[in-house]
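Below is one structure, written out as structure tokens; the observations come after it.
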Amino acid sequence: MRRTSLLLITLALSSCGPQGSETTDAQKVSLVYAKGWDQVTLTVSGAKTVVDDSGHFSTVPNACYRREVGSLRFELWNRLAVAINAALQMPALPEPDCQPKPSDGADLYQPIEVQRKEQKISLIRQTGNEYCSTISDRTIVIELGKVAAQIAWQARYDECPQ
């Protein structure tokens, strides 16, 4: 019985992937793991989205005005994990540095916060049309703002007609 189940699972998984022996670029990309953090909270345009350390999210409200759960697209998860991992490994600035919010950055209603064990760390907050952060690498701040916008869009619209 166990051998039959294993065979069925193997066949099912092999039928989901690309056919033939060609390797696609998507197959070459490795999964990025969360390093030392448990979840991140994004409140973008009035919707609160929590992403855990495995790339699963919950959001409320979505575009249909209800709670939604799901998993991030692989590319979004990797971008988020890379940016947060890098931000948490570098020394923080003594005071927040502010820079203009990019046009494709998230409209943050609350700071982007990361949960590490029992501690919440604010990564970015929006003041007017600027992102303010103690992250010393400005490119990481911009990347977090942009990926937050894309995550919020996926969480709001994946299960709702546009």
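Every number in this text was worked out from the coordinates using simple rules, so none of it is lab data. Everything quoted here is computed from the prediction, not taken from an experiment. Quick reminder, even Gly has a Cβ in these numbers, built from the backbone with ideal geometry, and neighbours come from all protein chains shown.
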Can you pull out the residues in the range 115-132 that are in contact (Cβ under 8 Å) with a residue 40 or more places away in the chain and in contact with a Gly (Cβ under 9 Å, 6 or more places away or on another chain)?
R116, K117
Within the set of pairs 6 or more residues apart or between chains, which connect a residue that is crowded, with 16+ Cβ neighbours inside 10 Å inside the range 83-98 to a residue that is aromatic (F, W, Y) and part of a helix (DSSP H, G or I) with Cβ atoms less than 7 Å apart?
none
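Would you please name the residue that is nearest to W37 (Cα to Cα), looking only at residues in the range 104-162 that are of a type in the set (D, E) and in contact with a helix residue (DSSP H, G or I) (Cβ under 6 Å, 6 or more places away or on another chain)? Break it down into steps so the answer makes sense when it comes.
Taking the range 104-162 as the starting set, the residues that turn out to be of a type in the set (D, E) are 104, 107, 113, 118, 130, 137, 143, 158-159.
From what's left, in contact with a helix residue (DSSP H, G or I) (Cβ under 6 Å, 6 or more places away or on another chain): 104, 143.
On the way: D104: 26, E143: 18 Å.
Taking the candidates together, the pick is E143.
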